[in-house]
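Please read the structure below before turning to the comments.
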Number of protein chains: 2
Amino acid sequence: MIIRPAKAADFDAIWPILHDVFRAGETYAVDPRISKEACRDYWMTTPAATYVAEGQGGILGTYYIRTNQPGGGAHICNCGYVVAEAARGQGLARQMCEHSQVMARALGYRAMQFNFVLASNVGAVGLWHRLGFETVGTIPDAFDHPRAGMVNAFVMYKRL
Amino acid sequence: MIIRPAKAADFDAIWPILHDVFRAGETYAVDPRISKEACRDYWMTTPAATYVAEGQGGILGTYYIRTNQPGGGAHICNCGYVVAEAARGQGLARQMCEHSQVMARALGYRAMQFNFVLASNVGAVGLWHRLGFETVGTIPDAFDHPRAGMVNAFVMYKRL
């Protein structure tokens, strides 16, 4: 497994992975009907950097780094990670998050913030905690989960 | 003083008010060098609604309402308020915030969230508390303030 910068041509492999996750509407605050072009913009064009995790079976995961707030807030980045369904449970999210912290430091960011980690996404919350992120906020009833109903979202933060 | 929906032609009066605030870089996480066109996009085009507060001297304040997160988070709105320097201390921010809560409910939002209220902006923090917002998060060293250095930012929230 290697993690490398995404190229424009990778998006055809990235899109089905993202589409599965966004369409399910259970973990990301993204319109489940997002178009491929809007998704390309969100994941590939507007971030500061996008990476893919590639194994023998091709691209199995992807993440982005973006500036979380402009102006006086521009020293904190935000990242989003997605792992292909077939590649889950193998530590890929952990690898990508660790990689992203190195890359974010190299880009000059001094902290990383996740704005919207759903309380129902227990695996992610636990992983981010183990990787040194702390919960700095809890937004009540922040997300309308298709099966769980209204769930809280956490703001999570780590100094780099 | 009336508060009414902003028309496209109002932006020529809105821009100097916003520009003063953004250029100072002390309260909003906006690039202090933001262009007039980028500012129009941010304040007038992408929000769900934009309002102006108009007195005998013309437009003295403005605010926007936007969906804070798409998809499963789309029931929570975000607002931003700016009062012209000459009109401060007269309760205009309070009037606009109260107005925005009525308008947000009419637009179907069920809660209002401020993502980035600077701890150094003591007046705003106090006002939002008095208007029923609670602090649900604190982001450490979130903003590089030109005079105060690194300051925390609060996430504030109110059910509508």
> If you take the residues in region B:8-49 that are of a type in the set (Phe, Trp, Tyr) and outside any loop (DSSP other than H, G, I, E, B), which one is farthest from residue B:117 (Cα to Cα)?
Replying inline: B:11
>> Looking only at region A:128-157, count every residue that is more than 7 Å from chain B (Cβ to nearest Cβ), closer than 29 Å to residue B:144 by Cα and crowded, with 17+ Cβ neighbours inside 10 Å and tell me the total.
In response: 5
>> Checking residue A:4 against (1) buried (at least 22 other Cβ atoms within 10 Å of the Cβ); (2) outside any helix (DSSP H, G or I), only one condition comes out false. Which one?
In response: (1)
>> I'd like the full set of residues that are more than 12 Å from the chain's Cα centre (by Cα) and closer than 18 Å to residue B:13 by Cβ, limited to region B:72-89.
In response: B:84, B:85, B:86, B:87, B:88
> Of the conditions (1) within 11 Å of another protein chain (Cβ to nearest Cβ); (2) under 12 Å from the mean Cα position of the chain (by Cα); (3) touching a residue at least 40 places away in the same chain (Cβ under 8 Å), residue B:25 fails just one. Which one is it?
Replying inline: (2)
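Based on what the data block shows, is residue A:96 without any contact (Cβ under 8 Å) to a residue 60 or more places away in the chain, away from chain B (no Cβ under 14 Å) and either closer than 26 Å to residue A:132 by Cα or among the charged types (D, E, K, R) (or both)?
Working: without any contact (Cβ under 8 Å) to a residue 60 or more places away in the chain: no; away from chain B (no Cβ under 14 Å): yes; either closer than 26 Å to residue A:132 by Cα or among the charged types (D, E, K, R) (or both): yes.
So residue A:96 fails the test.
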>> For a quick check of your reading of the model, give me the residue pairs whose first member lies in region A:72-93 and is in a loop (DSSP other than H, G, I, E, B), whose second is aromatic (Phe, Trp, Tyr), with beta-carbon atoms closer than 8 Å and at least 6 apart or on different chains.
In response: A:75/A:109
> Which of the following residues is surrounded by fewer than 19 Cβ atoms within 10 Å (Cβ to Cβ) and over 30 Å from residue A:150 (Cβ atoms): A:88, A:23, A:94, A:110?
Replying inline: A:110
> Which one of these does residue A:119 not meet: (1) under 12 Å from the mean Cα position of the chain (by Cα); (2) within 14 Å of another protein chain (Cβ to nearest Cβ)?
Replying inline: (1)
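Every number here is computed from the coordinates shown, using simple stated rules; none is lab data. Worth saying up front: this structure is predicted, and the values here are computed from it rather than measured. Backbone-built Cβ (ideal geometry, glycine too); neighbour counts: all protein chains shown.
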